[in-house]
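J.: Pasting a structure below so you can have a look.
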Amino acid sequence: MPGAWRRVHATVIETVAGTVVGAGLAYGAGSLVALGWPAAVVGAANGAIGGARGTYGWRRPKGGAAFVLDSTWALPMTAAALVAHAVAAVQPRHGGYVAELSRRADRHVYERGLVMRRGFLIAIGNTVNGAGALARSSARRQRLVTDHEDVHLWQGRWLGPLYPLLYGGWMVLGGAAGVVVWAVRGGHERVGDVVETCAYYLNPFEWWAYSRDGHWPPVSKVDGLGWAVPCVRPLSETPRRLRSAAPAADGAQLG
C-alpha cells in the first residue's frame, strides 16, 4: 500500500475509533447524571476531530489519559471546546489551525478561534485560542502555548467541572478584593491595575501557569502585591525540557 494511502487508512481508523470510543466513554460518564446521550454526542465529536487531526499522543500514557479525561470527567470543558472549534470553523483558514503545535500534543491550537479579550491567549477545554500567526515561527510565542496554556488545559482536565467554578470564583472575589486593596494602599495606583492583579495575576491557576512559563512575576502585575516568587519550577529548567533558546521579554498576554 503506497505511503499516502497508508496514512489515509490510518487516519480513517483513528477517526472511527476515536468517535466510537469517545462516545462510549462519554455515554457512561453522562449516564451518571442522566445525560448519557448528550454526553455521547460531545464525546463522539471530540473523538472524531481528534482522530482526524491526529491530536492525541497515543504512544505516551499522557495522551491516553488526556483522551479519557476529555471524554469523561472533563467533558463539560470538552463541550466548551466544541464551541471554540465551531467559531474557528467559520473564520478564514479555519481559525488559523496550527497543526505543528497540535498534532500528537493532546491539544488544538488556533491563531484566532474563540478569543475573549484581544491580545490574550485563552485555553478552552482542549483548545488554545488566540495564539497568533507568530505561533508558527516565534519560539517565545510557542512557549506561551507549550509552557503556559498547556498547563491550563491540564488544570481543566484534572479538575473537570470544578475548574471554571474555581477559576471564575477567584476572578469575582479577587476583583472585589482588589477594590479594597486599592483603597487600603491609598489609591496611588490605577484601580484597574490593582483589580486585574488581584483577580487575574494572583489567581492560583495563573500563578501556577506563569511559574511554569518562567515569567513570574509578569511585567503587568502591580509591584509588591501578592506572590513574590514562583510556586513551581519553570518547565524550561526541568532536566527533560532544557532548551537552548534564550528567554524573550513579555510580548503577549496569556489566559
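The values are calculated or read from the model by the stated rules, or taken from the named source; none is laboratory data. This one's a predicted model, so the numbers in the text were calculated from it and none came from an experiment. FYI the Cβ positions are ideal-geometry reconstructions off the backbone, even for glycines, and counts take in every protein chain you see. The area values use the complete protein model at the heavy-atom level, side chains included, leaving out ligands, DNA and RNA. Shrake-Rupley method; radii C 1.70, N 1.55, O 1.52, S 1.80 Å.
J.: Given the criteria assigned to a helix (DSSP H, G or I) and either within 21 Å of TRP154 (Cα to Cα) or of a type in the set (Ser, Thr, Tyr) (or both), does GLU14 qualify?
T.: Taking the combined requirement at face value, the residue does not satisfy it.
J.: Looking only at the stretch 112-123, how many residues end up being in a loop (DSSP other than H, G, I, E, B), open to solvent by 20 Å² or more (accessible area, probe 1.4 Å) and either in contact with a strand residue (DSSP E or B) (Cβ under 7 Å, 6 or more places away or on another chain) or closer than 18 Å to SER137 by Cβ (or both)? Even if it seems obvious, please write down each step before you answer.
T.: The first filter runs over the stretch 112-123 and keeps only residues in a loop (DSSP other than H, G, I, E, B), leaving 112-119, 121.
From the residues that got through so far, the ones that are open to solvent by 20 Å² or more (accessible area, probe 1.4 Å) too are 112, 114-119.
If we keep only those that are either in contact with a strand residue (DSSP E or B) (Cβ under 7 Å, 6 or more places away or on another chain) or closer than 18 Å to SER137 by Cβ (or both) as well, we get 112, 114-116, 119.
Looking only at that region, the number is 5.
J.: With GLY130, GLY125, GLY119 as the choices, which residue is on the phi > 0 side of the Ramachandran plot, in contact (Cβ under 8 Å) with a residue 40 or more places away in the chain and either of a type in the set (Ser, Thr, Tyr) or touching a Pro at 6+ places or on another chain (Cβ under 9 Å) (or both)?
T.: Result of the check over GLY130, GLY125, GLY119: GLY125.
J.: Let me ask something else about it. Please work out which one of (1) surrounded by 15 or more Cβ atoms within 10 Å (Cβ to Cβ); (2) over 20 Å from ARG157 (Cα atoms) is the condition PRO92 fails and give its number.
T.: Every listed condition holds for PRO92 apart from (1).
J.: Collect the residues in the stretch 137-176 that are touching a Leu at 6+ places or on another chain (Cβ under 8 Å) and within 17 Å of ARG112 (Cβ to Cβ), keeping them in residue-number order.
T.: ARG141, GLN142, LEU144, VAL145, GLU149
J.: Which of the following residues is surrounded by 13 or more Cβ atoms within 10 Å (Cβ to Cβ) and in contact with a helix residue (DSSP H, G or I) (Cβ under 6 Å, 6 or more places away or on another chain): GLY63, GLY57?
T.: GLY57
J.: Any idea which residue in the stretch 171-209 is surrounded by the most Cβ atoms within 10 Å (Cβ to Cβ), counting only those that are acidic (Asp, Glu) and part of a helix (DSSP H, G or I)?
T.: GLU206
This table checks each residue for (1) open to solvent by 30 Å² or more (accessible area, probe 1.4 Å); (2) within 25 Å of ALA39 (Cβ to Cβ).
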| position | (1), (2) |
| --- | --- |
| PHE67 | no, yes |
| LEU75 | no, yes |
| ARG103 | yes, no |
| TYR110 | no, yes |
| ASN129 | no, yes |
| GLY132 | no, no |
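J.: Could we say that TRP216 is under 15 Å from GLU149 (Cα atoms) and open to solvent by 30 Å² or more (accessible area, probe 1.4 Å) here?
T.: No: the conditions fail for TRP216.
J.: Follow-up question, since we're still on this one. Could you say which residue among LEU144, LEU153 is under 11 Å from the mean Cα position of the chain (by Cα), at pLDDT below 95 and outside any loop (DSSP other than H, G, I, E, B)?
T.: Details: LEU153 fails: at pLDDT below 95.
Just one listed residue meets the conditions, LEU144.
J.: May I ask you to list pairs of residues, at least six apart or on different chains, whose Cβ atoms are under 7 Å apart, with the first in the stretch 55-80 being farther than 13 Å from GLN155 by Cα and the second being open to solvent by 20 Å² or more (accessible area, probe 1.4 Å) and at pLDDT below 95?
T.: Note: no pairs meet the criteria.
J.: Let me ask something else. Please go through the stretch 155-166 and give me each residue that is out of contact with any Pro (no Cβ under 9 Å at 6 or more places or on another chain) and open to solvent by 30 Å² or more (accessible area, probe 1.4 Å), ordered by number.
T.: TRP158, LEU159, LEU162, LEU165, listed by residue number.
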